[in-house]
Amino acid sequence: MSKTVLITGCSSGIGYVCAHALQKEGFKVIASCRKKEDVERLISEGLTCIQLDLNDSECISNAVIETMNLCNGQLYGLFNNGAYGQTGALEDLPVAALKEQFQSNFFGWHQLVCEILPYMRKQGVGRIVQNSSVLGFAAMKYRGAYNASKFAIEGWSDTLRLELFDTNIKISIIEPGPIETQFRANALLKFQQWIDVDSSVHKKAYGVQLARLGDTTSKNAFVLPAESIVAPLLNALNTREPKLRYRVTTPTKVFSFLKRILPSRWLDIILRKAA
């Protein structure tokens, strides 16, 4: 019998690519999207897809029920991927913007895992893979809300791993760096929703950020396609003892090394330039 994996955030990018790739590898994939039209599109492509809005607590609970009905209560894996990046200087972001960021990137993930864990405990096995970021351990300016949400996911996942040490439920974190997705386009919409550029002391710097977010393709020399996440995800799901962290892209690996060896003030200089 094929193993069932639930993936969040499958409308495009990493989630979309991984849903199709895992299905080709023989997994029974339950993809999920926030919007109904995206659910219908993925179904038309041959995927099993359900609606799951991480901003909606009731929708999350309904999605768990639907997932368990589809797999007869035998869910092997969860790939938490659905998220977005709220950009803007921290002093320009209202509390409501941060709450919205954390609901999608953290609290929704927390609820989903907590509602799925009893099923994994009952069956005695499970894999939970969290899609974090290089910004989950290396902060960059004008990305504070996203940084904070990913730092939170990193600590939360480490804690869960410690609390599940005596089970066969394995927790892994994937830490991508620059990946070619629609991430910038979604971040631009949220920036425009919450940031008053004209009244900000960061107005001049925002010009650079808006140009970056408005680009249809990344200008980062180290950017990789969404397909680069497939191999570490498969390893996290298939290997007897998966890695605690899978670092993808050169910047992620480099910053991980630099954070271990450099004084924080020296690292700050590099991070300011990298932003």
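Rule-based calculations on the coordinates, nothing more; no lab input. Keep in mind the model is a prediction, meaning the values are calculated, not measured. Neighbour counts are summed over all protein chains in view; Cβ atoms, including those assigned to glycine, are modelled from backbone coordinates with ideal geometry.
Rounded to whole Hz and in sequence order, give me ³J(HN,Hα) for the stretch 73-79 from the Karplus expression 6.51 cos²θ - 1.76 cosθ + 1.60, θ = phi - 60°, writing x for Gly and Pro.
x, 10, 9, 7, x, 10, 10
Using only the alpha carbons, work out the radius of gyration and Dmax of the chain in angstrom.
Both quantities, over Cα of the chain: 18.5, 59 Å.
When the chain is fully extended, how far beyond the present Cα-Cα distance does Phe165 get from Asp198, taking 0.36 nm per residue of separation? Don't jump to the answer; show the numbers that get you there.
On the way: separation 33, 0.36 × 33 = 11.88 nm, distance 5.09 nm.
So the chain would gain 6.8 nm between Phe165 and Asp198.
If you take all C-alpha pairs in the stretch 1-149, what percent of them are over 21 Å apart?
Values: 4890 of 11026 pairs.
Result: 44 percent of Cα pairs exceed 21 Å.
Find the centroid of the Cα atoms in the stretch 44-106 and in the stretch 229-264, then give the distance between the two in whole Å.
The stretch 44-106 and the stretch 229-264 have Cα centres separated by 23 Å.
Go through the stretch 11-20 residue by residue and turn each phi into a ³J(HN,Hα) via Karplus (6.51, -1.76, 1.60, θ = phi - 60°); whole Hz please, and just put x for glycine and proline.
5, 7, x, 4, x, 4, 5, 5, 4, 5
How would you order 109-120, 61-72 from highest to lowest mean count of nearby Cβ atoms within 10 Å?
Values: 109-120: 17.9, 61-72: 15.9.
Averaged packing, sorted descending, gives the order 109-120, 61-72.
What do you get for the angle between helix 183-194 and the principal long axis of the chain? Use alpha-carbon atoms, 0 to 90 degrees, nearest ten.
60
Given the pairs Lys141/Lys219; Lys35/Lys170; Lys204/Lys273, which span a C-alpha to C-alpha distance of over 28 angstrom in this model? Spell out each step's value before the answer.
Values: Lys141/Lys219 18 Å; Lys35/Lys170 30 Å; Lys204/Lys273 16 Å.
Lys35/Lys170, as the Cα separations exceed 28 Å there.
Which angle between 0 and 90 degrees, to the nearest 10, do you get for helix 264-274 versus the longest principal axis of the chain when only C-alpha atoms count?
90
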